[in-house]
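Remarks on the structure that follows.
The values are calculated or read from the model by the stated rules, or taken from the named source; none is laboratory data. Here the structure is a predicted model, which means the values were calculated and not measured. Heads up, the Cβs are rebuilt from the backbone with ideal geometry, glycines too, and the neighbour counts pull from every protein chain shown. For accessibility, only protein heavy atoms count, side chains too; no ligands or nucleic acids. Shrake-Rupley method; radii C 1.70, N 1.55, O 1.52, S 1.80 Å.
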Amino acid sequence: DSEFTCVPLTVPLDHYAAEGETIQLVYAVHPADGERKAMFLVVTGGPGPSGLAAADFYMESYDPRIPEHFDIVFFDQRGVGLSGGLQCPQAAVAYYRTDARAETPEQEAALIAAAQTFAQDCIAEMGPTNLLPYLSTAQAIEDLEDFRRALGVDKFWLYGESYGTQFAQTYAAAYPQRLAGLILDGTVDLTLSGPDFYAQQAQAFNDTLVATLEACNADPACAADVGSDALAVYDDLASRLARAPLPFDFPLPSGSTARRTFTLADLEAATAGYLYSEGERMILQRAIAAAAHGDLAPLARILYDSLGLDPETLEAVPDPTYSDGAYYAIECSDYAYFSGTPAERAWAYVRAGDAVDANVPRLSSIFYGDLPCVFWPATPPTARPAPLVAQGIPTLVLGATADPATPVANGEAVYRRLADGYLITVQGGPHVTFAWGNPCPDDLVTAFLVEGTLPEQKETVCAGAVAADYVPLPPADAAEFAGPLEALKSADDEIYYLPEYYMWDLETPTAVGCPYGGTLQFEPSDEGARFTLNGCAFSAGFVMTGMGAYDYGADRFTLDVAVSGLAEGHLLYTRESDGEARVEGIYDGQEFR
């Protein structure tokens, strides 16, 4: 590329896996005219996701002054994506769908056996293990320091989100003189032991679920769809699944229907997977509303998306942008779990979960997520890091009261120990808060980065929401629509909030089964997304066949479809960026506009 000078970097071999391996790092250092900007380095969450894969999405969310002011660096941490690409999706899916209850000795033994099997199968599935001893956060910050030194950058700005706050705090403690500023978003308190952190996390997941369902009760449309107390509906469903799996029919992407079963582990995996943001929580509310009337398919869609399952075959779909293997390799190298033999450590872990199971009524299984670590070949530190003070480093600590993964109390504890800390708390809010569309944290962080301006107050509270505005479920019978406009507006909503589309990677052509028959396919286009509907019905009696398009830049959605069922016709539907929708065409033998 003529705009940049690209420089190969060399680093000490003893920082890498084995002598004789060839390692090359290439970085677009600066424009060819020699001008260099300040460096802003982003550490994404996990551990396990590819930072490089997230770069375009994140950059689109940043205030344009940030890239004007900084060279922004994303990277794939060792073992992830282009830095090793360790993968064990088959082992991971089998483990995540395991019953994680520990209420009886038999369940406890089964839980331990599943964790041991996963650790063995994941390592075997990843292949050669020579990289595993080098996959700790302590090693990762040395990789970053090699990178900084090779570039000749004296000081830079560091942003960490979720696990990235673990990375960022570790780097700040080791190399404080290299940071011009630090941003911790969705903060992990590194002074906590693994069991203490996950006990807090299990409680936070329970609390976020309760807040999400209480928000449904407070919303007239959501409450009407559920028909009774949403929390009671969830608890009743969990209680029924604890006794036995429930059968349900699932519409397949091929156009047929499969009879399947839904388990308590499936409910908990689906629920936990969709508690991270306001939009996901609203989709979960809709799925609980559907389940209240016996339809488990929307929850199954959430489950398959959360676990990366092919909805047609239920086989794991490898995701090159995420590594479960790297997650456990890093996590199990960072946290020590008890002492003794692996079996002794496993039983000590399970005994530590007794209090969690007794006091956390929902999703207490979250606590057992790191149980495979007692069987993982790692040498974690025996002591937790000292509290981070970060003398001389201005630090923003961001959190949200509805964050299930990094409980807001973690960030508050870290903030109180900092020499120059500033706390920004969103009421409600997603798992991480910067660059997700809330002007309050976004403006404060942007001013900190671009202008060097610190918040006026040491502690700032930002308004937020637990869940996005609720979108009612479509009627089962299209005869309940007032007319074709209402039916097409409902189809617009259903397409947008399908988990398969809502969480789409914007690249992979994807097909889904429609609830009342037919299929929907979507694929990328030059403007955004292109849709193909083949006998697709979201309500019985309104069947659509044709094409659709979503222009992301103009925020315009269109459907050009032949319709059948209650009446025949051909309709063109358009929804503009201001939300106004119109339809024209022929319906039931009459011109319709």
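For every residue, the table says whether it meets (1) open to solvent by less than 60 Å² (accessible area, probe 1.4 Å); (2) touching an Asp or Glu at 6+ places or on another chain (Cβ under 8 Å); (3) within 30 Å of V317 (Cα to Cα); (4) of a type outside the set (D, E, K, R).
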site	(1), (2), (3), (4)
T433	yes, yes, yes, yes
D442	yes, yes, no, no
L454	yes, no, no, yes
D477	no, no, no, no
K489	no, no, no, no
Y496	no, no, yes, yes
D505	no, no, yes, no
R530	no, yes, yes, no
N534	no, no, yes, yes
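Within the stretch 53-103, being touching a Phe, Trp or Tyr at 6+ places or on another chain (Cβ under 9 Å), of a type in the set (A, V, I, L, M) and either open to solvent by less than 50 Å² (accessible area, probe 1.4 Å) or assigned to a strand (DSSP E or B) (or both) holds for A54, A55, I66, I72, V73, V80, A91, A92, A100, A102.
S277 passes every criterion in (1) in contact with a helix residue (DSSP H, G or I) (Cβ under 9 Å, 6 or more places away or on another chain); (2) small (G, A, S); (3) more than 30 Å from P105 (Cβ to Cβ) apart from (1). Note on the stretch 276-335: residues that are of a type in the set (V, I, T) and open to solvent by less than 30 Å² (accessible area, probe 1.4 Å) total 4. Restricting attention to the stretch 536-549, the residues that are more than 32 Å from the chain's Cα centre (by Cα), surrounded by fewer than 22 Cβ atoms within 10 Å (Cβ to Cβ) and in a strand (DSSP E or B) total 3.
Any residue in the stretch 471-485 that is within 19 Å of P220 (Cβ to Cβ), modelled with pLDDT of 95 or more and part of a helix (DSSP H, G or I)? Taking every residue of the stretch 471-485 in turn, at least one turns out to be within 19 Å of P220 (Cβ to Cβ), modelled with pLDDT of 95 or more and part of a helix (DSSP H, G or I).
Note on the stretch 253-267: among residues that are in contact with a strand residue (DSSP E or B) (Cβ under 8 Å, 6 or more places away or on another chain) and among the hydrophobic types (A, V, I, L, M, F, W, C), the one that is least open to solvent (accessible area, probe 1.4 Å) is F262. Contact annotation: residue pairs with Cβ atoms under 7 Å, 6 or more positions apart or on different chains, pairing a residue in the stretch 334-353 that is without any contact (Cβ under 8 Å) to a residue 12 or more places away in the chain with a partner that is assigned to a loop (DSSP other than H, G, I, E, B), are A348/F338.
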